[in-house]
Every structure is written in structure tokens, then in C-alpha cells.
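K.L.:
Right, I'll just put the structure down here and ask away after.
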């Protein structure tokens, strides 16, 4: 049998709810790939970027540090730009502006995660709905044909089982993907907060012309 024909036949056995779950699975995969690519492009090694900032700021060269950040893609360089653009402001103003920028960047990282979370919740219910419809179909077949042999009820049972399995499949993979991306974004947020605190300290020391402590110096000067 042609594989395409076999797939269509299998989907027909699952009934309308299986087609709904196929749509959910396609949507889930599309969002997963979009989020994976997007988050990968937004995440920057915070230790590396801090080392570059220390290299410029220990000499008081705020402009070169800012130009460097503008050339690096990702969330953290955008946060650093906000702080460097307020180089001469009060510490509270710098910290407040960078905190707001972190929130804006996190919004980008968490975009569309709600879609995956919603699919994880509703997929089992869609599968359960298909299960109920399959059982109803079995009883209808029995009432129409007046017998309860396996051949009579097999179509309804097949629809019920296929829908249940498909709903669990979509839900399981959605939960895994949602937890992975949520964990990745939380770790990135923590790194941005730590890096922002260190950058503020660098800015204050740079403005006063003081020597950076060893933990803030670039690796080449330690």
C-alpha cells in the first residue's frame, strides 16, 4: 500500500479529533523551531561580554564599549547599551533603566511560549473528546447492526484509542518543550541580572578612575 494512502487511512480512522490533534502537533513543532532559533540568536555568553566591557571601561573608554555592544547581537548587549548610554547618571537611574531593559528583553524570549503551554493543557482534552466520540460511535454501530461482535465495534474503538494516544503524544512533547524553554529563559534572565550588576559597578569605578578589583578585570590583565 502507498505510504501516503496508509497515512490518510490512519487519520480517517482517528476521526475529526485526530485531524485537530495533527494541526496541534504541526503548530507545536512550528513554535518549537521558531523559539529554538530565536532564543539561540538572543543568548550571549555574559562572562565573555563582561570581559570585553572591562577591557574598555578600565581605561574610561565608554564610547568604544558602547560601539562594541552595538555590533553584538542578543539580549544582553541591548541591556548594556542602556546602561552605557546613562554613563554619567546616578547609580539608581542606571540600575532602573537596565532593569526595565531586562524586562523588555525577557518579553522577546518568552514570546509564543504561551502557545506551547496551551497545547500541553488542551491536547489531552481533545484526545479525551475523541475517545468519547469513538465510544458513542461504537454504541451507534451496535444499535444499527444489532450485534456486539468485535467487527461491529472495532471502528469506534479504533477512533477512541487513536485519539487518546495522539492527545497524550502532543501533550507530552508540549510539556517537555515548554519546561525546556522556560528553564532556558530563567537562566538567561539570571545571567543578565548578574551581568548588569557588575556592569554598573564597572561604570561607577570607571567614572571615578579607580582600579577594577581582580574579579572585574579582563582575563588578560589578571
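K.L.:
In segment 181-196, which residues are closer than 30 Å to residue 59 by Cα and without any contact (Cβ under 8 Å) to a residue 60 or more places away in the chain?
P.N.:
Initially, segment 181-196 is screened for residues closer than 30 Å to residue 59 by Cα, giving 188-196.
190 - this is the single residue of segment 181-196 that is closer than 30 Å to residue 59 by Cα and without any contact (Cβ under 8 Å) to a residue 60 or more places away in the chain.
This table checks each residue for (1) within 27 Å of residue 133 (Cβ to Cβ); (2) surrounded by fewer than 18 Cβ atoms within 10 Å (Cβ to Cβ); (3) modelled with pLDDT under 95.
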{"position": "19", "(1), (2), (3)": "yes, yes, yes"}
{"position": "38", "(1), (2), (3)": "no, yes, yes"}
{"position": "41", "(1), (2), (3)": "no, yes, yes"}
{"position": "58", "(1), (2), (3)": "no, no, yes"}
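K.L.:
Please determine, by comparing only the residues of segment 76-94 that are part of a helix (DSSP H, G or I) and either at pLDDT below 95 or more than 28 Å from the chain's Cα centre (by Cα) (or both), which one is surrounded by the fewest Cβ atoms within 10 Å (Cβ to Cβ). So that I can check it myself, show each step before the final result.
P.N.:
Filtering segment 76-94 down to residues part of a helix (DSSP H, G or I) leaves 76-84, 91-94.
Checking which are either at pLDDT below 95 or more than 28 Å from the chain's Cα centre (by Cα) (or both) leaves us with 84, 91-94.
On the way: 84: 25, 91: 13, 92: 9, 93: 12, 94: 22.
Selected residue: 92.
K.L.:
Please work out if residue 111 is at pLDDT below 95 and surrounded by fewer than 18 Cβ atoms within 10 Å (Cβ to Cβ).
P.N.:
Judged against the criteria, residue 111 is a match.
K.L.:
Residues that are modelled with pLDDT under 85 and surrounded by 13 or more Cβ atoms within 10 Å (Cβ to Cβ): does segment 181-193 have at least one? Steps first, please.
P.N.:
The first filter runs over segment 181-193 and keeps only residues modelled with pLDDT under 85, leaving none.
Looking for residues that are modelled with pLDDT under 85 and surrounded by 13 or more Cβ atoms within 10 Å (Cβ to Cβ), one finds none in segment 181-193, hence no.
K.L.:
Considering each residue of segment 171-180, count those that are touching a residue at least 60 places away in the same chain (Cβ under 8 Å) and either touching a strand residue (DSSP E or B) at 6+ places or on another chain (Cβ under 7 Å) or surrounded by fewer than 21 Cβ atoms within 10 Å (Cβ to Cβ) (or both), and give that number. Give the derivation first.
P.N.:
First, the residues of segment 171-180 that are touching a residue at least 60 places away in the same chain (Cβ under 8 Å): 173-174, 177-178.
Cutting the leftovers down to either touching a strand residue (DSSP E or B) at 6+ places or on another chain (Cβ under 7 Å) or surrounded by fewer than 21 Cβ atoms within 10 Å (Cβ to Cβ) (or both) gives us 173.
So the count comes out to 1.
K.L.:
Being more than 30 Å from residue 167 (Cα to Cα) and either in a helix (DSSP H, G or I) or touching a helix residue (DSSP H, G or I) at 6+ places or on another chain (Cβ under 8 Å) (or both): is that true of residue 66 here?
P.N.:
Details: more than 30 Å from residue 167 (Cα to Cα): yes; either in a helix (DSSP H, G or I) or touching a helix residue (DSSP H, G or I) at 6+ places or on another chain (Cβ under 8 Å) (or both): yes.
Answer is yes for this residue.
K.L.:
For segment 43-56, give me each residue that is surrounded by 15 or more Cβ atoms within 10 Å (Cβ to Cβ) and out of contact with any helix residue (DSSP H, G or I) (no Cβ under 7 Å at 6 or more places or on another chain).
P.N.:
Within segment 43-56, the subset surrounded by 15 or more Cβ atoms within 10 Å (Cβ to Cβ) is 43-44, 46, 49-56.
Selection gives 55 alone.
K.L.:
Can you run down the residue pairs with Cβ atoms below 8 Å, 6 or more apart or on separate chains, where the first is in segment 59-74 and closer than 25 Å to residue 213 by Cβ and the partner is not in a helix (DSSP H, G or I)?
P.N.:
60/209; 62/87; 66/85; 72/44
K.L.:
Taking segment 137-156 as the search range and keeping residues that are at pLDDT 70 or above and buried (at least 16 other Cβ atoms within 10 Å of the Cβ), which one is farthest from the chain's Cα centre (by Cα)? Talk me through it step by step, then tell me what you get.
P.N.:
If we filter segment 137-156 for residues that are at pLDDT 70 or above, which is where we start, we get 137-140.
With the extra rule that they be buried (at least 16 other Cβ atoms within 10 Å of the Cβ), the set shrinks to 137-138.
Working: 137: 39, 138: 41 Å.
This residue is 138.
The values are calculated or read from the model by the stated rules, or taken from the named source; none is laboratory data. What you see is a predicted model; the values in this text were computed from it and never measured. For neighbour counting, all protein chains shown are included, and Cβ atoms are generated from backbone atoms with ideal geometry for every residue, glycine included.
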